[in-house]
Amino acid sequence: MTRIIVVGGGAGGLELATKLGRTLGRKGRANITLVDRKASHLWKPLLHEVATGSLDEGVDALSYRAHAKNHHFDFQLGSLQDIDRERKVIILSELKDEQGELLMPSRELEYDILVLAIGSTSNDFNTPGVRENCIFLDSPEQAHRFRTNMNNEFLKLHAKNGQGTVDIAIVGAGATGVELSAELHNAVKELRTYGFGDLDSSKLNVSLVEAGERILPALPPRISGAAHQELTKLGVNVRTATMVTQADKDGLTTKDGEKIHAQIMVWAAGIKAPDFMKEIGGLESNRINQLVVKDTLQTTRDDNIFVIGDLAQCTQPDGSFVPPRAQAAHQMASRAFSNIVAKLTGRELKAYVYKDNGSLVSLSRFSTVGSLMGNLTKGSMMIEGRIARVVYISLYRMHQMALHGVFKTALIILMGRINRVLRPNLKLH
Ligand SMILES: Cc1cc2nc3c(=O)[nH]c(=O)nc-3n(C[C@H](O)[C@H](O)[C@H](O)COP(=O)(O)OP(=O)(O)OC[C@H]3O[C@@H](n4cnc5c(N)ncnc54)[C@H](O)[C@@H]3O)c2cc1C
């Protein structure tokens, strides 16, 4: 039987493994295996809400093993280390527990078709001190680290009867930086109602630092302008055209030699694929370690290896690259699925074309701004407020629908509503 391995159960990989399992796996036409280095999945765009405590990831996280059992695929806990294309095997590194005790030795898995979907990490552009002193919002662990540090700073402030401020600097004003800045102000508002009466927005000093001329550089200027205005209204200190050249324990230094003091620093200034991806298995990679794919999502040097999501450098018909976004990962999962089925049945593989459905940026409970694209809007249309919030949430709903189907997603939404009544609005531990 054909062995299909998907490595990386994130926004793209988990949707693909689920689709393959539900079809080929269920009918016994292929053996589907998903490999991830974590035991559970949390949709990455939710991480800034986990960081501020607005979302309890325990509720939204999904166990790979339980999901695999229900969707006719196998799950293997492990971290990809290498690929041997000659022997068609992937090599997973040894698995250790937190104390360093060996749980599983390094092992190999054989494939006929391999899909790589391990995503990206933050790119610090080798800026001195960033790795040691800044938090990258790449994983639930990093989001927890941020939340613990933030809560500790607020506790210290509370112990001083509210004397002083909590200074947080965020580098990079893409969607992550902008959404986190707004979410922090929401967290402070909520904390006030949980016994921290001496806290208010004036005690929180958030600096959002961006090297470019405007925030949200990937979005149309009108949307950047609207988001900039909203953030300023919230009290965020938005610093554009400011290049950070160093990070230290007590803050950031800019190219002009200015010091931006902060107790907590977050680096969200760009992405790259993990370093070990550089020419892994002799595959073609680019400057930021992404693997280069053809428009069918197959790697340029091996038709049996597909790459989807942030890890793929996929060129669009106009010569630009598909952006590293959840909506691209979602679309690529669907195209890779059809192309794998076509490959197995001897049909022609089709090209993936990125469909930009617009971009939305959530400014927490305060507002959502963004653009909608598509036939209906005949180009880009700016939307704001309640409608934008609904569309923003729908991106996550689409992901849930791809994983659970309509009925179970409806139940999950209902459960979310009930939890909103039963649980505190903020995760406080
Ligand atoms: C805070 C934040 C907010 C964002 N907000 C938005 C948004 O609003 N809209 C939007 O479109 N995009 C957003 N993004 C980007 C979006 O999250 C990514 O584009 C998307 O998750 C990419 O999907 P992926 O499947 O390529 O990788 P991921 O979703 O990152 O999944 C990668 C998976 O691979 C696993 N993995 C990693 N390394 C290994 C290894 N060596 N071996 C085995 N498994 C491995 C990981 O555990 C993970 O499960 C945001 C990103 C962040 C960080």
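The values are calculated or read from the model by the stated rules, or taken from the named source; none is laboratory data. As the structure is a prediction and not an experimental result, all values here were calculated from the model. Here the Cβ is made from the backbone with ideal geometry for all residues, glycine too, and neighbour counts use every protein chain on show. Areas reflect the complete protein model, heavy atoms only, side chains present, ligands, DNA and RNA absent. Shrake-Rupley method; radii C 1.70, N 1.55, O 1.52, S 1.80 Å.
The calculated P(r) of the range 196-254, using every Cα pair and 5 Å bins from 0, goes 4, 16, 21, 21, 17, 13, 6, 2 in percent.
Here the chain has 52 percent of its accessible surface on carbon and sulfur atoms, given a 1.4 Å probe and all protein chains in place. Restricting attention to the chain, close to 50% of DSSP beta bridges with both partner residues there are antiparallel. Ignoring aspartates and glutamates fewer than eight residues from residue 88 along the same chain, the ones with Cα atoms less than 18 angstrom from its Cα are 108, 110, 112, 279, 284, 302, 303. The 3J(HN,Hα) values that the Karplus relation (6.51, -1.76, 1.60; θ = phi - 60°) gives for the range 306-315 are, in residue order, 9, 10, 9, x, 4, 6, 8, 9, 10, 8 Hz. Gly and Pro appear as x.
How would you classify the range 85-237 from its alpha-carbon gyration tensor, with a ≥ b ≥ c the square roots of the eigenvalues: rounded for a/c under 1.5, else prolate if a/b is greater than b/c, otherwise oblate? Oblate. Diagonalising the gyration tensor over the Cα atoms of the chain and scaling each eigenvalue by 5 before taking the square root yields semi-axes of 37, 23, 23 Å, largest first.
For the set 22, 192, the ranking by accessible area, highest first and with no ligand, DNA or RNA atoms included, is 192, 22 under a 1.4 Å probe.
The equivalent ellipsoid that matches the C-alpha gyration tensor of the range 263-340 spans semi-axes of 23, 16, 11 angstrom, in descending order. Accessible area of residue 334 (1.4 Å probe, protein heavy atoms only, ligands and nucleic acids ignored): about 40 Å².
Working note: Debye formula, equal point scatterers on the alpha-carbon atoms of the range 5-54, no solvent; log10 I(q)/I(0) at q = 0.27, 0.28, 0.29 Å⁻¹ is -0.97, -1.01, -1.04.
Relative contact order for the chain: 16 percent, from Cα pairs under 8 Å spaced at least 6 residues apart, divided by residue count. Annotation for the range 76-149: trypsin sites (Lys or Arg not before Pro) lying in DSSP loop with at most 12 further Cβ atoms inside 10 Å of their Cβ are 87. Within the chain, helices built from complete DSSP H runs that reach 24 Å or longer along their own axis (Cα positions) and carry a mean Kyte-Doolittle hydropathy of 0.5 or higher are 385-422.
Sorting 222, 214 by solvent-accessible area of protein heavy atoms yields 222, 214, largest first, with a 1.4 Å probe. Once each of the chymotrypsin sites (Phe, Trp or Tyr not before Pro) sitting in a DSSP loop with at most 13 other beta-carbon atoms within 10 Å is removed, the chain keeps 195-429 as its longest stretch. Probing with 1.4 Å while keeping every protein chain in the model, the per residue accessible area of the chain equals 47 Å².
Exposed loop positions in the chain were taken to be GluC sites (Glu not before Pro) whose DSSP state is not H, G, I, E or B and which have at most 13 other beta-carbon atoms within 10 angstrom. Between these positions, the longest stretch is 102-212.
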